[in-house]
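First comes the structure, then the notes that go with it.
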Ligand code: HEM
């Protein structure tokens with residue numbers, strides 16, 4: 001199983017409603033800007049696929065996607 | 001409205017508000033859940049699709065482009081176009097309006113920022129519990145469940161907490177407006193607006209609008225570090241928020257911030273009294289506080305349903321849905337779905353699956369106050385545990401006559417066992 005497969009995630013800032021679910025689940029990867037209240041990815045951090053799936057699944061506005069690319 | 005299919009005609013009624021005087025009609029929901037497809041439920045001169053299973057509620061909630069919050073109404077009954085416009089709040093919008101309005105308030109309610117209110121919540125909770133113990137108990141709703149959330153949301157908004165009783169009173173009238181009987185005349189609180197233009201058709205909405213307008217005028221020249229000032233600043237730029245959006249937002253925050261959490265705490269107290277062994281497990285292991293808060297939320301399901309309207313012909317659970325059909329997500333049923341929750345009628349403080357829909361079905365209207373409400377319930381449990389308060393129920397609950405808010409108007413409780 002590819003339990004350790006790492007994937008990159010991205011936030012669609014048009015769709016983000018600033019609920020903060022991603023920041024709660026993965027504080028190392030997502031950060032909400034306190035003024036504009038939009039989430040962004042803090043850097044180029046990667047997530048194990050299983051955890052990425054959870055944030056994608058939990059984002060209420062479906063603003064998070066896994067960026068499929070060759071790593 | 002879609003013609004009812006032959007199979008759906010037998011759908012048991014779940015909207016009669018008087019049913020809810022005895023509690024949620026869980027047996028009826030179980031029957032609907034067990035029937036394949038979606039059930040057509042007659043309502044007034046039309047009807048709606050009753051979505052009762054967890055997976056399907058989630059589908060409706062997470063696909064707002066198919067199931068709109070902005071068309072018709074998010075309650076069971078349709079509003080006329082002018083009434084919908086006058087009453088429209090965050091909850092009755094779709095993107096992009098929803099995104100714009102939600103971002104105006106989202107910052108105050110993120111998990112990170114909500115944590116800053118913990119000490120305030122703890123202080124308010126401690127005072128209420130100490131008084132409850134000192135009095136030897138009383139009406140749990142009046143003494144704890146109602147004052148805690150209203151004091152917290154008013155503090156956040158910047159509204160004087162001296163006005164808490166008045167705003168709780170207004171809020172009670174609003175819940176009545178979700179049922180079929182109003183105890184106040186149309187001109188109560190000096191109201192002259194047609195009731196159909198007011199949220200919950202209630203003159204109490206007029207009073208709440210007036211109150212919000214007073215706050216707006218006060219803050220306009222005296223901006224502070226509170227939520228009303230923040231809204232007033234946004235309202236000064238019509239691109240960001242109109243005057244009508246301001247007043248509906250103020251109304252929504254006061255109502256949603258208080259009625260729902262109060263309902264969770266009312267049912268929470270009743271559950272802890274009914275299942276003392278479960279509370280005993282929490283007292284023995286404070287590590288169970290978080291999961292017991294989630295279980296209380298599932299158990300209580302304060303908001304029992306929300307409605308959407310199909311934007312196009314679509315299909316769900318093999319049932320065709322026509323554009324314009326009403327689709328109602330029954331959170332009260334999804335939270336007892338045996339496909340997701342093992343032994344769903346058991347109150348289990350260590351339940352591992354916390355994927356309940358007390359705060360909605362996972363879509364963009366996810367409760368704005370979810371993390372605040374969780375903080376309030378968690379801190380309440382912590383402070384009760386600290387004082388070793390065990391609850392004993394001393395009277396039957398008086399329940400709200402509403403198919404929308406699972407409200408409890410009063411229930412007697414007394415602290416048994418230890419005191420501080
Ligand atoms: C236990 C307590 C609470 C429960 C069970 C609850 C429940 C809900 C539910 C089910 C929705 C979703 C509506 C939909 O699907 O269309 C919602 C939305 C909302 N709630 Fe709560 N709520 C609670 C506490 C609060 C608090 C404390 C606030 C304080 C501000 C609040 C403010 C809101 C707002 C503004 C919305 C609309 C969000 C939107 O449309 O984007 N709620 N709530």
Item to check | Highest to lowest packing among B:359-372, B:304-317, scored as the average C-beta count within 10 Å | outcome: B:359-372, B:304-317
Item to check | For residues of B:359-365, the mean tally of beta carbons on other chains within 10 Å | outcome: 3
Item to check | Relative contact order of region B:283-420, defined on C-alpha pairs under 8 angstrom at six or more residues apart (%) | outcome: 26 percent
Item to check | Distance from region B:153-187 to region B:355-376 (C-alpha centre basis), Å | outcome: 22 Å
Checklist outcome for this item: Expected max-MSF residue from B:217, B:233, B:182 in the GNM of chain B (alpha carbon, under 10 Å) is B:217
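Is there a simple number for the mean count of other chain Cβ atoms within 10 Å of the Cβ of residues in A:50-62, and what is it?
3
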Checklist outcome for this item: From the Cα centre of region A:7-62 to that of region B:108-122, the distance in Å is 20 Å
Checklist outcome for this item: Between the modelled labels at residue B:217 and residue B:284 (7 Å from Cα along Cα→Cβ) the distance in nm is 6.0 nm
Checklist outcome for this item: Out of B:159, B:254, B:60, a Gaussian network model of chain B with alpha-carbon springs under 10 Å gives the largest mean-square fluctuation to B:159
Checklist outcome for this item: Rounded to a whole number, the Stokes-Einstein D of the protein assembly as shown in µm²/s (Kirkwood radius over Cα pairs; 20 °C; 1.002 mPa s) is 92 µm²/s
Checklist entry - Under the definition of Cα pairs under 8 Å and six or more residues apart, what whole-number percent is the relative contact order of chain B? => result 27 percent
Checklist entry - Can you give me the relative contact order of region B:42-190 as a percent, contacts being Cα pairs under 8 Å and 6 or more apart? => result 10 percent
Item to check | Cα-based equivalent ellipsoid of region A:4-71: semi-axis lengths in Å, sorted from largest, via gyration tensor | outcome: 19, 11, 11
Checklist entry - How many percent of DSSP beta bridges within the protein assembly as shown run antiparallel, rounded to 5? => result 90 percent
Checklist entry - Fewest first, what order do B:377, B:238, B:105 take by the number of other Cβ atoms within 10 Å? => result B:238, B:105, B:377
Checklist entry - Using a Gaussian network for chain B with springs between C-alpha atoms less than 10 Å apart, which of these wobbles most: B:41, B:26, B:54? => result B:26
Checklist entry - Roughly speaking, what is the centre-to-centre gap between region B:284-328 and region B:379-420 when only Cα atoms are used, to the nearest Å? => result 25 Å
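Readers should treat all values here as calculations from the given coordinates under stated rules, not as data from a laboratory. What you are looking at is a predicted structure, and each value in this text was computed from that prediction instead of being measured. Cβ coordinates were reconstructed from backbone atoms using ideal geometry, including for glycine residues, and neighbour counts include every protein chain displayed.
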